[in-house]
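K.L.:
First the structure, then my questions, so here it is.
The values are calculated or read from the model by the stated rules, or taken from the named source; none is laboratory data. Quick caveat, the model's predicted, so the values are computed rather than measured. Here the Cβ positions follow ideal geometry from the backbone for every residue, glycine too, while neighbour counts run over all protein chains shown.
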Amino acid sequence: MKVLKIVFLTLILISYMSCGSKVNPPEAFGPLPTKKQLNWHNMEYYAFIHFSLNTFTNKEWGYGDESPELFNPTELDAMQWARVAKEAGMKGIIITAKHHDGFCLWPSQYTERSVKNSPWKNGQGDVVKELAEACKAYNLKLGIYSSPWDRNHPEYGKPAYITYFRNQLKELLTNYGDVFEMWFDGANGGDGYYGGANEMRKINTLEYYNWDETYKLIYETSPNTLVWGVGPSEARWIGNEQGRAGKTNWSLLRQKDELAGKVHYTEFMNGHEDGEKWVPGEADVSIRPGWFYHEVEDDKVRPIEELVDIYYESIGRNANLLLNLPVDKRGLVNEHDEARLKALTKIIKNDFKTELLKHASVTTTNTRGNDKNYNANNLTDGNPETYWATDDSVKTASITFKFNQLTTVNRVLLQEHIALGQRVKAFTIEAKINDSWQTIASETTIGYKRILRFPRIETTELKINITDAKASLVLNNIAAYNAPTLVKSPEISRDKNGLITLKAENDNSIFYTVDGSKPTTSSKKYSEPFTFTDAVTVKTIAYNTDEAISSAVTTSKYGTSKADWRIVSTSSGDTASANRIIDGNPNTVWSFGDSKNVLPQDIIIDLGSVQSINGFSYFPQQVGHHLNLISNYEFYTSTNLKQWTKQSEGEFSNIKNNPIKQIKTFKTCQAQYIKFVATTSVSGSNSVSIGEIGVLNATEN
Ligand code: FUL
């Protein structure tokens with residue numbers, strides 16, 4: 001009997017010891033990504049190219065009546081676009097094959113409104129084809145944006161247009177090789193040319209396009225194409241055009257609710273913890289304020305610090321990053337954008353240069369079945385297929401990395417093994433500093449990738465505590481880095497009276513120039529605000545003395561100051577406080593118009609003297625829910641307050657999703673008085689607001 005018992009116990013022991021190979025992998029939990037979506041997550045970062053007739057008409061949205069003959073790039077070189085994207089570490093390029101004005105960058109057999117009726121290559125060219133070839137040459141994937149809204153098509157809003165739209169999708173998905181992503185813009189319906197009807201056409205986006213049928217056609221034609229945006233999509237908009245995902249970011253969405261019109265777009269930043277479908281976020285943003293190339297924005301390419309923040313708040317927050325590089329009139333990614341992108345690439349490369357956990361020893365509070373196949377060494381082996389997992393019942397655990405020497409850290413990167421679902425709801429990071437544990441981060445979701453930035457610490461141990469999860473834990477990567485210090489360039493502001501203030505973070509010193517030259521640490525040192533009432537270009541850098549590092553240069557161009565400006569009259573609203581729109585501060589907002597004073601409403605401003613001007617700017621309200629943005633305007637000038645000349649009229653396209661400073665240029669004229677008329681609003685209400693109005697002085701340009 002005793003012998004039997006020993007044999008039995010030995011058998012149990014043997015099977016326990018050898019169970020390493022017998023422990024089952026964790027079961028998948030919740031909605032899962034498809035293989036196509038997993039490949040898409042792995043791409044992480046790719047370029048958007050906005051290029052079309054708008055590039056030549058200087059617009060963000062074409063109305064639909066612009067002539068194809070205006071499309072005439074002089075040096076179009078898709079190989080250059082692909083080289084720039086590749087060098088930035090991007091994995092693909094999405095091109096605006098057709099934007100809202102209906103002009104096609106490929107010679108579609110279904111319309112005359114395309115490159116075939118442009119002077120470019122005598123109508124023999126095909127931009128989509130050139131890009132497809134360039135992508136192939138650089139081993140990049142090709143993606144296509146084709147706007148569902150077509151402000152040119154006579155049948156838009158009627159069934160015939162849907163046939164046209166689908167025919168074109170078929171062309172695009174058949175003739176250019178593999179397309180990794182099809183991008184369907186949410187901007188749909190509104191006023192337009194529509195074959196000469198010049199009218200408003202409103203449609204119900206969820207019904208008009210019959211997305212189920214359209215998607216069916218896409219999948220039949222091109223099953224590997226991931227569809228983004230409207231309809232039952234496989235990836236979602238992140239809810240803003242600033243490229244920022246929420247800190248909490250689920251790759252799940254209640255898509256049924258969304259398709260029933262029950263989800264507000266602001267929820268896209270976070271996704272839905274209880275979403276029934278895997279619909280991950282893609283953060284889109286342009287490297288400049290606008291999506292299309294405008295020469296006036298050559299000095300407004302997003303500052304390097306902003307681009308770095310965008311990287312960390314998109315890719316670092318479980319979203320893919322789609323960064324727009326507008327191609328200019330020559331047909332090239334502009335050198336200003338390329339230079340800034342190179343600076344970004346360099347910073348990102350350096351931030352993740354040396355991984356620090358590889359050589360640390362690791363322990364965990366739980367390893368699935370005590371099996372080495374699931375142990376924590378898998379977190380640092382550089383192989384995304386191997387992972388650390390816990391027992392089925394374990395939803396909280398700690399992973400501790402012990403360094404063999406004092407180690408400096410300011411970044412931690414974590415990845416869940418999302419093929420098995422997104423699980424983590426909350427986690428913290430602790431560091432052992434001077435022998436005591438300190439919490440350095442307390443966060444929520446992880447997902448495909450999460451990167452945390454925190455002030456530099458010197459530590460001997462790092463501990464990741466998963467404090468809440470939907471199911472057992474499955475992570476495939478944890479990494480830590482010590483990214484170099486990025487000194488932020490100073491902020492520049494000028495008030496109505498020309499008083500210029502420079503601000504840098506921490507105690508960094510500031511150096512500046514006002515003659516257009518590049519500032520260095522030998523330039524003038526800033527000590528207090530100074531006045532400049534004439535047109536001036538301020539260039540400045542911040543300098544971190546401790547580490548002897550300078551920031552990038554920030555440049556601000558100013559026209560003659562508004563010291564002599566005054567409000568002459570307003571058609572409604574509180575005239576006394578209208579000064580807010582000429583105080584040099586776009587954050588002080590003024591509103592006019594109401595149910596009794598319906599649009600159009602106007603405001604007249606005296607510039608104090610006759611000036612040569614060739615444009616104006618309107619800074620819309622930045623905070624709130626875009627309730628009172630102006631969508632259409634007229635702009636007049638006068639030298640005597642009696643005769644007025646209309647210098648410009650039109651729309652502030654895309655202002656709802658991208659409420660940037662709107663700049664409109666016109667032929668140089670002499671003006672002492674300007675009249676700005678708000679003719680329509682985005683919301684349809686009669687009350688509209690203005691942050692700031694400015695003019696462009698002809699001599700500055
Ligand atoms: C928006 C469009 O209306 C813009 O013009 C741009 O194409 C952007 C990416 O999407 O909704």
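K.L.:
Of the residues 238, 218, 203, which single one is in contact (Cβ under 8 Å) with a residue 40 or more places away in the chain, away from the ligand (no atom under 16 Å from the Cβ) and assigned by TED's automatic domain parsing to the domain that holds residue 303? Steps first, please.
P.N.:
Working: 238 fails: away from the ligand (no atom under 16 Å from the Cβ); 203 fails: away from the ligand (no atom under 16 Å from the Cβ).
None of the other options fit; the residue is 218.
Every residue, every condition in (1) β-branched (Val, Ile, Thr); (2) outside the structural domain of residue 476 (by TED's automatic domain parsing); (3) at pLDDT below 95; (4) under 29 Å from residue 283 (Cβ atoms), yes or no:
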{"site": "342", "(1), (2), (3), (4)": "no, yes, no, yes"}
{"site": "380", "(1), (2), (3), (4)": "yes, no, no, yes"}
{"site": "385", "(1), (2), (3), (4)": "no, no, no, yes"}
{"site": "393", "(1), (2), (3), (4)": "no, no, no, no"}
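K.L.:
Before we move on, is residue 293 within 16 Å of the ligand (Cβ to nearest atom), closer than 23 Å to residue 100 by Cα and surrounded by fewer than 24 Cβ atoms within 10 Å (Cβ to Cβ)?
P.N.:
On the way: within 16 Å of the ligand (Cβ to nearest atom): yes; closer than 23 Å to residue 100 by Cα: yes; surrounded by fewer than 24 Cβ atoms within 10 Å (Cβ to Cβ): no.
No: the conditions fail for residue 293.
K.L.:
Identify the residue in the stretch 480-503 that is in contact with a helix residue (DSSP H, G or I) (Cβ under 7 Å, 6 or more places away or on another chain) and farther than 30 Å from residue 588 by Cα and, among all such residues, is surrounded by the fewest Cβ atoms within 10 Å (Cβ to Cβ). Please lay out each step first, then the result.
P.N.:
Just the residues of the stretch 480-503 that are in contact with a helix residue (DSSP H, G or I) (Cβ under 7 Å, 6 or more places away or on another chain), to begin with: 481, 483-484, 486, 488-489, 496.
Checking which are farther than 30 Å from residue 588 by Cα leaves us with 481, 483-484, 486.
On the way: 481: 21, 483: 19, 484: 13, 486: 18.
The residue in question is 484.
K.L.:
Give, as residue ranges, the strands (runs of 3 or more DSSP E) completely inside the stretch 540-621 that count at least 3 residues that are crowded, with 20+ Cβ neighbours inside 10 Å and touching a Lys or Arg at 6+ places or on another chain (Cβ under 9 Å). Can you show your working first?
P.N.:
On the way: elements: 554-558, 566-570, 590-592, 601-619.
By residue number, 601-619.
K.L.:
Taking the stretch 81-122 only, how many residues are within 16 Å of the ligand (Cβ to nearest atom) and surrounded by fewer than 20 Cβ atoms within 10 Å (Cβ to Cβ)?
P.N.:
The total comes to 0.
K.L.:
Identify, by number, the condition in (1) of a type outside the set (S, T, N, Q); (2) surrounded by fewer than 20 Cβ atoms within 10 Å (Cβ to Cβ); (3) more than 30 Å from residue 402 (Cβ to Cβ) that residue 519 doesn't meet.
P.N.:
Condition (2) is where residue 519 drops out.
K.L.:
Among 265, 311, which is within 16 Å of the ligand (Cβ to nearest atom), assigned by TED's automatic domain parsing to the domain that holds residue 145 and out of contact with any Ser or Thr (no Cβ under 8 Å at 6 or more places or on another chain)? So that I can check it myself, show each step before the final result.
P.N.:
On the way: 311 fails: within 16 Å of the ligand (Cβ to nearest atom).
The match here is 265.
K.L.:
How many residues are within 16 Å of the ligand (Cβ to nearest atom) and not in a loop (DSSP other than H, G, I, E, B) if we restrict to the stretch 314-336? Let's see the steps before the verdict.
P.N.:
The initial filter retains those residues of the stretch 314-336 that are within 16 Å of the ligand (Cβ to nearest atom), namely 314, 319-327.
Next, from what is left, pick out any that are not in a loop (DSSP other than H, G, I, E, B): 314, 319-324, 327.
Residues meeting the conditions: 8.
K.L.:
While we're here: Evaluate the stretch 143-152: report whether one residue or more is surrounded by fewer than 21 Cβ atoms within 10 Å (Cβ to Cβ), acidic (Asp, Glu) and either in contact with a helix residue (DSSP H, G or I) (Cβ under 8 Å, 6 or more places away or on another chain) or closer than 23 Å to residue 320 by Cα (or both).
P.N.:
No, the stretch 143-152 contains no residue that is surrounded by fewer than 21 Cβ atoms within 10 Å (Cβ to Cβ), acidic (Asp, Glu) and either in contact with a helix residue (DSSP H, G or I) (Cβ under 8 Å, 6 or more places away or on another chain) or closer than 23 Å to residue 320 by Cα (or both).
K.L.:
Counting only residues that are acidic (Asp, Glu) and over 27 Å from the mean Cα position of the chain (by Cα), give me the strands (runs of 3 or more DSSP E) lying completely in the stretch 432-525 with at least 2 of them.
P.N.:
On the way: elements: 436-443, 450-469, 474-481, 491-494, 499-503, 509-513.
So the answer is 450-469.
K.L.:
In addition: Where the second residue is in a helix (DSSP H, G or I) and among the small types (Gly, Ala, Ser) and the first is at pLDDT 95 or above and lies in the stretch 44-62, which pairs have Cβ atoms under 7 Å and are six or more apart or on separate chains?
P.N.:
47/85
K.L.:
Would you be able to tell me the number of residues in the stretch 90-118 that are of a type in the set (Asp, Glu) and either in a strand (DSSP E or B) or touching a Pro at 6+ places or on another chain (Cβ under 9 Å) (or both)? It would help to see each step written out before you state the result.
P.N.:
To start, the set of residues in the stretch 90-118 that are of a type in the set (Asp, Glu) comprises 101, 112.
Now narrow it down to the ones that are either in a strand (DSSP E or B) or touching a Pro at 6+ places or on another chain (Cβ under 9 Å) (or both): 112.
Number of matching residues: 1.
K.L.:
Quick check on my filter: what residues within the stretch 635-672 are exposed (fewer than 15 other Cβ atoms within 10 Å of the Cβ), among the basic types (Lys, Arg) and either outside any loop (DSSP other than H, G, I, E, B) or within 16 Å of the ligand (Cβ to nearest atom) (or both)?
P.N.:
646, 667
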